[in-house]
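As structure tokens, the structure follows; a few thoughts come after it.
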Amino acid sequence: MTGRLILASASPRRLQLLEQIAMPPDQVVPAEISEQPLKNELPRQLCQRLAQTKAAHVAADFADDYVLAADTVVACGRRSLAKAGSAEQAQKFLQLLSGRAHQVYGGICLIAPGGQTVSRVVRTTVHFKSLSKNEIQNYLKTEEWQGKAGAYAIQGMASVFVKRINGSYPNVVGLPLFETASLLTGLGYSKGNT
């Protein structure tokens with residue numbers, strides 16, 4: 001099957017991860033949608049719905065191409081931790097994650113030429129050490145938390161907060177690579193097939 005690969009995401013990390021596995025998209029078209037959770041929507045449901053909505057939104061203009069969308073939700077229990085909108089909110093998120101395990105859900109959705117749609121949700125458990133007030137304040141000063149689900153970037157300075165993870169590391173960065181590559185090849189995509 002022919003068709004270009006369109007990445008329905010503005011995330012530079014997702015772009016880097018696709019380049020890392022030699023599947024760079026031919027075009028990046030961010031989906032402008034509301035990311036607000038629905039009433040009583042659980043984190044796993046939220047990331048799957050957002051990935052599917054982003055893919056469908058962009059695929060409407062790219063019917064002959066492969067459209068890949070993803071969403072990452074950091075969850076503490078049943079609570080979804082969005083992208084922190086302020087340093088105060090980021091501080092609350094980091095205090096909540098301190099000294100405990102939390103889940104990172106990665107939703108991916110791929111729409112192939114002709115409209116065939118597949119999606120997956122990948123879960124990774126991240127264990128944070130107990131964070132001191134000083135560690136949190138120093139991290140907030142870096143501003144690395146901005147635009148990050150759960151107010152941290154595992155691939156950056158927050159890596160020192162992580163005692164261990166169970167599951168996919170690239171999922172926490174922004175895109176579960178094993179599952180993404182499997183979906184692409186499973187639906188007939190191969191680089192250079194246009």
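The values are calculated or read from the model by the stated rules, or taken from the named source; none is laboratory data. Keep in mind it's a predicted model, so treat the numbers as computed, not measured. Methodologically, a virtual Cβ is constructed for each residue, glycine included, from the backbone with ideal geometry; neighbour enumeration extends over all protein chains shown.
See the values below:
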quantity	calculated
Boolean, V126 is β-branched (V, I, T) and in contact with a Gly (Cβ under 8 Å, 6 or more places away or on another chain)	no
Residue among T142, T180, T124 that alone is touching a helix residue (DSSP H, G or I) at 6+ places or on another chain (Cβ under 8 Å) and exposed (fewer than 15 other Cβ atoms within 10 Å of the Cβ)	T142
Failed criterion for M157 (all others in (1) in contact with a helix residue (DSSP H, G or I) (Cβ under 7 Å, 6 or more places away or on another chain); (2) at pLDDT below 95 hold)	(2)
Every residue from segment 99-120 that is under 23 Å from G188 (Cβ atoms) and touching a Gly at 6+ places or on another chain (Cβ under 8 Å)	G106, A112, P113, V118, S119, R120
Residue count for segment 49-90, restricted to those that are part of a loop (DSSP other than H, G, I, E, B), in contact (Cβ under 8 Å) with a residue 12 or more places away in the chain and within 17 Å of A153 (Cα to Cα)	2
Extreme residue, nearest to the chain's Cα centre (by Cα), among residues of segment 145-166 that are surrounded by fewer than 17 Cβ atoms within 10 Å (Cβ to Cβ) and under 13 Å from A84 (Cβ atoms)	G147
Test: residue in segment 140-147 that is part of a helix (DSSP H, G or I), without any contact (Cβ under 8 Å) to a residue 60 or more places away in the chain and of a type in the set (A, V, I, L, M, F, W, C)	yes
Selected residue [assigned to a loop (DSSP other than H, G, I, E, B), over 26 Å from I6 (Cβ atoms) and touching a residue at least 24 places away in the same chain (Cβ under 8 Å)] from I154, I136, I165	I154
Exclusive hit being hydrophobic (A, V, I, L, M, F, W, C), assigned to a helix (DSSP H, G or I) and on the phi < 0 side of the Ramachandran plot, set V104, V122, V172, V118	V172
Selection status of V74, in contact with a Leu (Cβ under 6 Å, 6 or more places away or on another chain) and among the β-branched types (V, I, T)	yes
Residue match in segment 82-98 (condition: touching a Gly at 6+ places or on another chain (Cβ under 7 Å) and closer than 27 Å to L5 by Cα)	yes
Which listed residue, of R4, R44, is in contact (Cβ under 8 Å) with a residue 40 or more places away in the chain, over 22 Å from I154 (Cβ atoms) and not hydroxyl-bearing (S, T, Y)	R4
